[in-house]
Amino acid sequence: MRWFMKYKELCCAIIVGKIFHNLMERKDFETWLDNISVTFLSLTDLQKNETLDHLISLSGAVQLRHLSNNLETLLKRDFLKLLPLELSFYLLKWLDPQTLLTCCLVSKQWNKVISACTEVWQTACKNLGWQIDDSVQDALHWKKVYLKAILRMKQLEDHEAFETSSLIGHSARVYALYYKDGLLCTGSDDLSAKLWDVSTGQCVYGIQTHTCAAVKFDEQKLVTGSFDNTVACWEWSSGARTQHFRGHTGAVFSVDYNDELDVLVSGSADFTVKVWALSAGTCLNTLTGHTEWVTKVVLQKCKVKSLLHSPGDYILLSADKYEIKIWPIGREINCKCLKTLSVSEDRSICLQPRLHFDGKYIVCSSALGLYQWDFASYDILRVIKTPEIANLALLGFGDIFALLFDNRYLYIMDLRTESLISRWPLPEYRKSKRGSSFLAGEASWLNGLDGHNDTGLVFATSMPDHSIHLVLWKEHG
């Protein structure tokens, strides 16, 4: 037993000695490594590269494998995973949407982070001209909206966003069109007016009238302006004429009315505008000052304040070949014109027979381009010119888009860049100097698409064969 104890003591001494030796070697190695590191850091980039090249050439398989494994970890850091979410969102804002969609394919983690960035996708949708409801904070919703938006915009660019249809039923030329809430009214020389459901192409009502030069309707009644110098009000359900307005000495080219005010206005070839009591049929006022046919009248509530009117006031606009006149609506005899707008003092430039007024801005087209007036100051805000295409006529105008056309095409303009982003071919339609034989359909999309308002009628015009040509939004693919 004594020898065994001595052997055990000897083994312990040997082990302790080796540990002490290894510790001394480790300490010497670390001292050496520190010195080498200091020297390496003092080298230039070129010298560092040469040093690494030399060390790699001296390395065996074990060292090269070790180097390969560690380089992958060092070089391929997932910064989206490592960064706080707020910083990741900030970085993502600087990428364009197409790059973001590509980044979504990198990994599930990247897709999760990118899809969760609400502001990024909302901004992408806004840049495409889409309306944004800020109360919806579901990021995945906005990513889906963007994907839908990019598809629709591509269809517009590729001229594949629309489809066409026809309404057949009149036996003579159609002079007057009016659209509202999915229904299209047509007035014809065949002494009839028809109300059509645009979605089905079916005629809802058909009544006997006089020759129609202008029409406007609601659920119960139809108001018509005629080439026989009169205005009439008709009941849809029975076809009966409930009111007849006589007093003009020329054809009535435009009508508008407001049930709340119990007022009807009419513009005529006799150069006058008449204000009527809608229910009684009596003439309240005759507005003079035009020296050409009055081809358009618009009755609209004002939305801005100025020295001449306040928000909520009803305003009447009347337009002829050269001028737009602004009138207060009231029952005063000899009502004074508030303002006359024109694009040329010498009457060298004609206005197109289309007029947009939303209570804040007045827009009209001419041979020089689109003119937009601020209704608060009556100043011209901007003139939008399209040098590549002359004589574009206005159909509709919004916050984001404008709908225009000429003899061959229907155009969509992005008003933010004033560039044409889409066009659609038109047939040889019946042209009218008064602008009554063609119109825009749904208008809400002009203030920005939202994924739901790009449906229904876009444009309608009468044709030489007495049919109505329709351009409709195509359903999303």
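The values are calculated or read from the model by the stated rules, or taken from the named source; none is laboratory data. All figures in this text were calculated on a predicted structure; none of them were measured in a lab. Backbone-built Cβ (ideal geometry, glycine too); neighbour counts: all protein chains shown. Side chains included, ligands, DNA and RNA excluded: accessible areas come from the protein's heavy atoms. Shrake-Rupley method; radii C 1.70, N 1.55, O 1.52, S 1.80 Å.
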Within the range 391-412, considering residues that are more than 29 Å from residue 315 (Cβ to Cβ) and open to solvent by 70 Å² or more (accessible area, probe 1.4 Å), the one modelled with the lowest pLDDT: 407
Flag for residue 301 being over 29 Å from the mean Cα position of the chain (by Cα) and either within 23 Å of residue 364 (Cα to Cα) or at pLDDT below 95 (or both): no
Strands (runs of 3 or more DSSP E) completely within the range 366-408 that count 3 or more residues being touching a residue at least 40 places away in the same chain (Cβ under 8 Å): 393-397, 401-405
Verdict on residue 238 being out of contact with any Pro (no Cβ under 8 Å at 6 or more places or on another chain) and surrounded by 19 or more Cβ atoms within 10 Å (Cβ to Cβ): no
Every residue from the range 247-266 that is in a strand (DSSP E or B) and closer than 12 Å to residue 227 by Cα: 252, 253, 254
One residue from 52, 67, 95 being in the same structural domain as residue 117 (by the TED database) and surrounded by 11 or more Cβ atoms within 10 Å (Cβ to Cβ): 95
Hey, residue 53 in a helix (DSSP H, G or I) and modelled with pLDDT of 80 or more or not: yes
Check on residue 156, on the phi < 0 side of the Ramachandran plot, in a helix (DSSP H, G or I), open to solvent by 70 Å² or more (accessible area, probe 1.4 Å) and not charged (D, E, K, R): no
Among the residues listed as 139, 176, 172, the single one being buried (at least 21 other Cβ atoms within 10 Å of the Cβ) and in contact (Cβ under 8 Å) with a residue 12 or more places away in the chain: 176
Residue 461 being surrounded by 20 or more Cβ atoms within 10 Å (Cβ to Cβ) and either under 12 Å from the mean Cα position of the chain (by Cα) or among the hydroxyl-bearing types (Ser, Thr, Tyr) (or both): yes
Test for residue 86: is it surrounded by 10 or more Cβ atoms within 10 Å (Cβ to Cβ) and among the charged types (D, E, K, R): no
Tabulated pairs, the range 156-168, first assigned by the TED database to the domain that holds residue 467 and farther than 19 Å from residue 402 by Cα, second among the charged types (D, E, K, R) and in a strand (DSSP E or B), C-beta under 9 angstrom, 6+ apart or interchain: 167/194
Test for residue 325: is it free of Cβ contacts under 8 Å to residues at least 24 places away in the same chain and more than 30 Å from residue 235 (Cα to Cα): no
Some residue of the range 311-334 being buried (at least 16 other Cβ atoms within 10 Å of the Cβ), assigned to a loop (DSSP other than H, G, I, E, B) and among the small types (Gly, Ala, Ser): no
Residue in the range 287-294 that is out of contact with any Gly (no Cβ under 6 Å at 6 or more places or on another chain) and farther than 30 Å from residue 385 by Cα present: yes
